[in-house]
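Let me begin by presenting the structure, written as structure tokens, before commenting on it.
Just so it is clear, none of the values below were taken in a lab; they were calculated from the coordinates. All of these numbers come straight from a predicted model, not from anything done at the bench. Every residue, glycine among them, receives a Cβ derived from its backbone with ideal geometry; neighbour counts consider all protein chains shown.
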Amino acid sequence: MLIPGHLVICISNPNLAQTSVTQANTSKKGCLGPENQKTVVVESQPKPQIKPKNEKLEWQSLSARKYEVVGRVGSSFEWLAENGNVVSGLSTAQAEIDWKPNQMPYQLKVREITKTGCEAETDFTTLAYDSSLFIPSLITPNEDGKNEFFEIKNLNFFPENEIEIYDRWGKRIFQASPYEQNWPKEKMGCNTYFFVLKSQNEVQKGWILLVE
């Protein structure tokens, strides 16, 4: 029964993400007419989802990383990259990010603003990085652009590192802390060299075959 002067709200379907609601004011006589009705939109707003979700970064590929957010059609977005720069797509569903070397953790967050003004945001997603070191045993500094330097994969994730390189007679010929992946800096001649690498509270030793 309609009570004069009371507001009547009818929810058409509460299970829809966007629901039509009819708001009607009764007249003093308790009558309900079309001219006294208007439709209100009730919108539930789930959290947007970032893809890829479980990415593992490598130090050689920290630049121009592409990400996508799954949200509502017509929404705008705000990307926040902790220790990174959003270089394109700052307000769109697809963004490109340059992560800063040696500045972990890498964290990503997105806020969605729908066309009706509703807002929702993700929690900070912490991106994993590959902490396994790969130490090459052969370098070929012959100016062909390949294997020119003694590059240790993923070492840049551990900025507190130190390296020493020795010739076959035990003479130290190079030392750096941290190592900037830049040995040899000059022609050394074909030979076998030996290294001592300190990182992650560990010491690793090995040899390097240099072929020019």
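Among the chymotrypsin sites (Phe, Trp or Tyr not before Pro) in the range 50-141, which ones are in a DSSP loop with at most 16 other Cβ atoms within 10 Å of the Cβ? Mind listing them?
Details: sites: TRP59, TYR67, PHE77, TRP79, TRP99, TYR106, PHE124, TYR129, PHE134; in loops: PHE124.
Those that pass, being in a loop and sparsely packed, are PHE124.
The trypsin sites (Lys or Arg not before Pro) found in the range 51-141 that occupy coil by DSSP, while having at most 13 further C-beta atoms within 10 Å, are LYS53, LYS115. Phi-derived couplings, Karplus 6.51 cos²θ - 1.76 cosθ + 1.60 at θ = phi - 60°, listed residue by residue for the range 123-134: 6, 5, 9, 8, 7, 7, 10, 6, 8, 7, 8, 10 Hz, with x used for Gly and Pro. Working note: Karplus 6.51/-1.76/1.60 with θ = phi - 60° gives the range 163-180 the couplings 9, 10, 10, 10, 7, 6, 9, x, 8, 6, 10, 7, 8, 8, 8, x, 7, 9 Hz, where Gly and Pro are set to x. Our Cα-only numbers for the range 109-212 put the radius of gyration and Dmax at 20.6, 74 Å.
Pairs to check: LYS171/LYS205; LYS153/LYS185; LYS153/LYS187; LYS56/LYS146; LYS51/LYS109; LYS47/LYS115. Give those whose C-alpha atoms are more than 21 Å from each other in this structure. Don't jump to the answer; show the numbers that get you there.
Values: LYS171/LYS205 15 Å; LYS153/LYS185 19 Å; LYS153/LYS187 23 Å; LYS56/LYS146 25 Å; LYS51/LYS109 11 Å; LYS47/LYS115 15 Å.
Over 21 Å Cα-Cα: LYS153/LYS187; LYS56/LYS146.
As a size descriptor, the averaged projected area of the C-alpha convex hull of the range 76-118 was calculated at 2.8 nm².
Phi angles across the range 149-159 convert, under the Karplus curve 6.51 cos²θ - 1.76 cosθ + 1.60 with θ = phi - 60°, into 3J(HN,Hα) values of 10, 7, 9, 9, 4, 6, 5, 5, 6, 10, x Hz, Gly and Pro given as x. If amide hydrogens are placed 1.01 Å from N in the peptide plane, which non-local residues have theirs closer than 5 Å to the one on GLU121? Under 5 Å from the amide H of GLU121: GLU112. A simple charge model with +1 on the Cβ of Lys and Arg, -1 on the Cβ of Asp and Glu and nothing else charged puts the dipole of the range 105-180 at about 80 debye relative to its Cα centre.
Rank-order 181-194, 152-165 by packing density, defined as the average count of other C-beta atoms within 10 Å over each peptide's residues, highest first.
Working: 181-194: 13.2, 152-165: 17.9.
Going from most to least packed, we get 152-165, 181-194.
Note down the net charge around ILE97, summing +1 for each Lys or Arg and -1 for each Asp or Glu among other residues with Cβ under 12 Å from its Cβ.
Details: positive: ARG65, LYS66, LYS100, LYS109; negative: GLU55, GLU68, GLU82, GLU96, ASP98.
Around ILE97, the charge tally is -1.
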